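Read through the structure below, which is laid out as structure tokens, and then see the notes.
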Amino acid sequence: MFRKTKSAIQIKDDQQLQKMRAAGLVVGRTLELLREAVEPGVTPLDLDAIAERAIRDAGAIPSFKGYQGFPATICASVNDEVVHAIPTDRRKLREGDIISIDCGAILEGWHGDAAITVPVGEVAPELTELLRVTEESLWRGIAALKVGGRLSDIGHAVETYVRSQGRYGIPQEYGGHGIGTEMHMDPWIANHGKPGRGPRMEAGMCFAVEPMVNLGTATTRVLDDDWTVVTEDGKASAHFEHSVAVTHNGPWVLTAIDGGESRLAGLLSAGVGGDGERS
């Protein structure tokens, strides 16, 4: 059914990419609902209920729920929680918080996976800047997806941008991944490193690109629930993610409502993605 490269990266044909796009749109639309629902007084568990209802109403299945025992539809990581926090009703969101929401869905056997970080009301300027830097680094990484490019170009683009913006921490042990008929597939994608290394990218490869950036140290630890990752110094962290297909026309952002066109147009025309098929 699938062709694989020597490195066992799944290659999708055009019909399969359309199915990936359908799953990605379920995730993208769900995240937009969640973005609108974030406000002081809401609990992470409230957001989880919204997400599950939206995903199931779209005819899809929440891919996180039950995955290796994870009990919820979304990961809802607040302030110093980097990733994988379990949503509960033990605390309400407060003005000045930030919350990272990671969401996945399965539609007809195909996976979509994306994440956003949302400010709760007015937040400190340093948090606004953290969100801006992290999201921009995501788009820089996506712009590096091009036929003939090397896998490490993605993480290099993420790291280069983050380092150019100040003294931020990039957790080394967490990163992106292949995606398709499973949520997590080969290869693992670091958010750092030198360019020009690893497998060459081919049309039909799909990757979840997901930078996590900390306001302070890159060092993290896992809480006693064996899921929630927090920063060691207690400073805030942001997380953005999209599922993206490599095509001969450039990166196709499967979980972005517009396919990524609005954010990528300027980057690719400026040559940020390198000498790829579109830039």
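Some values worked out for this structure:
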| quantity | calculated |
| --- | --- |
| Subset of region 36-53 [assigned to a loop (DSSP other than H, G, I, E, B) and either among the hydrophobic types (A, V, I, L, M, F, W, C) or in contact with a Pro (Cβ under 8 Å, 6 or more places away or on another chain) (or both)] | V38, V42, T43 |
| Test result for A265, aliphatic (A, V, I, L, M), exposed (fewer than 14 other Cβ atoms within 10 Å of the Cβ) and either free of Cβ contacts under 8 Å to residues at least 12 places away in the same chain or in a strand (DSSP E or B) (or both) | yes |
| Residue that is more than 22 Å from A245 (Cβ to Cβ) and basic (K, R), where the choices are R29, R21, R35 | R35 |
| Residue list for region 69-78, restricted to those being under 17 Å from the mean Cα position of the chain (by Cα) and either closer than 22 Å to V123 by Cα or part of a loop (DSSP other than H, G, I, E, B) (or both) | T73, C75, A76, S77, V78 |
| Every pair of residues 6+ apart whose Cβ atoms lie under 8 Å, when the first sits in region 54-68 and is farther than 16 Å from A115 by Cα and assigned to a loop (DSSP other than H, G, I, E, B) while the second is among the basic types (K, R) and at pLDDT 95 or above | A58/R29 |
| Candidate set: region 212-226, residues that are assigned to a loop (DSSP other than H, G, I, E, B) and touching a Gly at 6+ places or on another chain (Cβ under 9 Å); chosen: the one surrounded by the fewest Cβ atoms within 10 Å (Cβ to Cβ) | D226 |
| Among (1) at positive phi; (2) at pLDDT below 95; (3) not polar (S, T, N, Q), the one test that G59 misses | (2) |
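The values are calculated or read from the model by the stated rules, or taken from the named source; none is laboratory data. Since we're looking at a predicted model, the values are computed, not measured. With ideal geometry, Cβ positions are generated from the backbone for all residues, glycine too; neighbour counts draw on all protein chains shown.
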